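Heads up: the structure comes next, in structure tokens.
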Ligand code: TXA
Ligand code: MG
């Protein structure tokens, strides 16, 4: 049954709208909220039926657990059975922000949140509207990315509306997302930190934070997402993900002649990575590309990460047949960016 979706603009200034959205959460409904990474489809984390309705609204596989969001470090204990000192340290360094930590769950956390696992993923978002909604609702909010399962995560209000109109009870407009890729997910076991999904809190930043502490210098960082590792790092990483309607290919260089040779008569969307010296822009390509082809020039890897899904969305709207995305250097934000591009392309390269 399609839902009637309310739209709330400026909910930070409009206390009436915020309390209406919080009431929807408390009553077991679904509210799309902006975060600094991507928009999330939120529900009361402690309400099993509400959590289960997220899976049907998104068409999400039941065995893919959700991230629970709290507004303050002090509230992590509402969900986690215990907080190892390494996890507490990392929360204190990177929260609020794009870091999710998987910890042992309390029995009160419904199994539907964790897909039957003994652990729960917890994040403290930085976006003021997400924090205001969690505080007003007075409960932790589970929120997967607010896209139909398998599709790119929404990083703007327009994208969230395109996927969630009729599926959520309300959508909060919070503008464009600052990071544009989903949070870094890590698991903490003893003195080992395992990266399950790379994001804007990079492995380099985590390493530096450990080195700066006397207590955690000796901790080990394992990257479960590296290409050599074929086992899915977390339940969600085994599914097709982040895919626009157009077929995505990764190219080392964007060479106009060879691309038109490979895809004759196809409408092509190009994503070109600049050297940081010029501004990014979306432009129509010149012949020999067929009419309707587009090129997005991104100024840097950070801009690339921020705009990747928006670019997929725009290119799908323009009806391109294939998207050719330029490879970015690994390391820093490049690691998360290439992780998403590999998934979006199912490894296709030209
Ligand atoms: O930035 C984000 O993290 C966004 C915003 C809305 O916060 N949320 C998001 O949620 O990306 P989602 O559901 O699209 O991705 C959650 C990821 C999945 O890869 C899932 O498998 C993993 O977190 N995950 C959740 N709980 C887990 C657990 N207990 N153990 C291992 N991985 C877990
Ligand atoms: Mg997702």
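Values quoted throughout were computed directly from the atomic coordinates according to the rules given, and no laboratory measurement underlies them. In this text the structure is predicted, and so the values were computed from the model without any measurement. Here the Cβ is made from the backbone with ideal geometry for all residues, glycine too, and neighbour counts use every protein chain on show.
Building the convex hull from the alpha-carbon atoms of segment 93-246 and averaging its projection over directions returns 11.0 nm². Across every pair of non-identical alpha carbons in the chain, the mean reciprocal distance, once inverted, gives a Kirkwood radius of 20.7 Å.
Using the number of other C-beta atoms within 10 angstrom as an exposure proxy, rank 111, 169 with the fewest first.
Numbers: 111 14, 169 22.
The fewest-first ordering by Cβ neighbours comes to 111, 169.
Where does each of 210-220, 18-28 land if you order them by average Cβ count within 10 Å, highest first? List each step's numbers first, then the result.
Numbers: 210-220: 12.5, 18-28: 18.5.
Ranking, from highest mean packing down: 18-28, 210-220.
In terms of surrounding Cβ atoms within a 10 Å radius of their Cβ, 112, 82 rank from fewest to most as 82, 112.
Residue separation times 0.36 nm, minus the C-alpha to C-alpha distance between residue 208 and residue 162: what's the value? Don't jump to the answer; show the numbers that get you there.
Details: separation 46, 0.36 × 46 = 16.56 nm, distance 3.93 nm.
So the chain would gain 12.6 nm between residue 208 and residue 162.
Each of residue 13 and residue 27 was given a label point 7 Å from its Cα along the Cα-to-Cβ line. The distance between the two points is 2.7 nm. A full extension of the chain between residue 178 and residue 1 corresponds to an added length of 60.4 nm, given 0.36 nm per residue minus the alpha carbon distance. Any chance you could give the angle, 0 to 90 degrees and rounded to 10, that helix 48-58 forms with the longest Cα principal axis of the chain? In the chain, helix 48-58 runs at an angle near 0 degrees to the longest axis.
Would you mind calculating the gained length between residue 106 and residue 92 on full extension (0.36 nm times residue separation, minus the Cα-Cα distance), in nm to one decimal?
Values: separation 14, 0.36 × 14 = 5.04 nm, distance 2.11 nm.
Computed gain between residue 106 and residue 92 is 2.9 nm.
For a Förster distance of 41 Å, can you work out the FRET efficiency between the beta-carbons of residue 221 and residue 253, rounded to the nearest 0.05? Could you put the intermediate results ahead of the total?
Working: r = 32 Å, r/R0 = 0.78.
Approximately 0.80, to the nearest 0.05.
May I ask you to order 255-262, 187-194, 171-178 by the average number of other C-beta atoms within 10 Å around their residues, highest value first?
Details: 255-262: 14.0, 187-194: 16.4, 171-178: 20.8.
Result, highest mean Cβ count within 10 Å first: 171-178, 187-194, 255-262.
Between residue 189 and residue 261, the distance separating the two model label sites (each 7 Å from Cα on the Cα→Cβ line) works out to 4.9 nm.
On a 0 to 90 degree scale, rounded to 10, what angle separates helix 128-137 from the longest Cα axis of the chain? Taking the Cα atoms of the chain, the angle to 128-137 is about 30 degrees. Sequence-distant contacts, meaning Cα pairs under 8 Å at least 6 residues apart, place the relative contact order of the chain at 19 percent. Note on 108, 36: ascending count of other Cβ atoms within 10 Å places them as 108, 36, the fewest first. Working note: 222 nm ellipticity from helices only, DSSP H runs with n ≥ 4, each -39,500 (n - 2.57), summed and divided by the residues of the chain, gives -8500 deg cm²/dmol to the nearest 500.
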